[in-house]
Amino acid sequence: MFKALETAVPAQVVTIYVDGTPVAVREGETLALALLETGMDDFRTTPVSRAKRGPFCLMGACFDCLVELDGHANVQACCVEVRAGQQVRRQRGARSPESGA
Ligand code: FES
């Protein structure tokens, strides 16, 4: 569904971990785009209805791309770049007090 345009300088492929599963993504692109390219489209569920949410605006306005990143909850995946070794967790319902941020 989503595919980044090819660039003159190929990006380095790195491994991040999504819900504990290793995933190969391109370093330097936004985390939201990288996750969409893997086929993941539900990044979180809402606290009340548990409805699935995924990136909508890709520019920091809608907050539908929130994930837990390296232990910090409520990180906008469209506003951070991929770095090797990142630990990403989908947010399910309300954040827990132990999840930081
Ligand atoms: S996709 Fe809208 S804030 Fe990230």
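One residue is enough: does the range 33-52 have a residue meeting the conditions among the small types (Gly, Ala, Ser), open to solvent by 70 Å² or more (accessible area, probe 1.4 Å) and either touching a helix residue (DSSP H, G or I) at 6+ places or on another chain (Cβ under 8 Å) or not in a strand (DSSP E or B) (or both)? Within the range 33-52 (the criterion being among the small types (Gly, Ala, Ser), open to solvent by 70 Å² or more (accessible area, probe 1.4 Å) and either touching a helix residue (DSSP H, G or I) at 6+ places or on another chain (Cβ under 8 Å) or not in a strand (DSSP E or B) (or both)), the answer is yes, since at least one residue qualifies.
Filter the range 53-82 down to the residues that are assigned to a loop (DSSP other than H, G, I, E, B) and closer than 13 Å to residue 18 by Cα, then identify the one that is nearest to the ligand (Cβ to nearest atom). Only one residue tops the list, namely 82. Do you know which residues across the range 53-71 are loosely packed, with under 14 Cβ neighbours inside 10 Å and touching a Gly at 6+ places or on another chain (Cβ under 8 Å)? Once the filter is applied, which keeps residues that are loosely packed, with under 14 Cβ neighbours inside 10 Å and touching a Gly at 6+ places or on another chain (Cβ under 8 Å), the range 53-71 yields only 71. Looking only at the range 33-67, residues that are out of contact with any strand residue (DSSP E or B) (no Cβ under 8 Å at 6 or more places or on another chain), of a type in the set (A, V, I, L, M, F, W, C) and in contact (Cβ under 8 Å) with a residue 12 or more places away in the chain come to 4 in all.
The values are calculated or read from the model by the stated rules, or taken from the named source; none is laboratory data. Everything numeric here is computed off the predicted structure, so don't read it as measured data. Neighbour counts run over all protein chains shown; Cβ positions are idealised from the backbone, glycine included. The accessibility values were calculated without ligands, DNA or RNA, using every heavy atom of the protein model including side chains. Shrake-Rupley method; radii C 1.70, N 1.55, O 1.52, S 1.80 Å.
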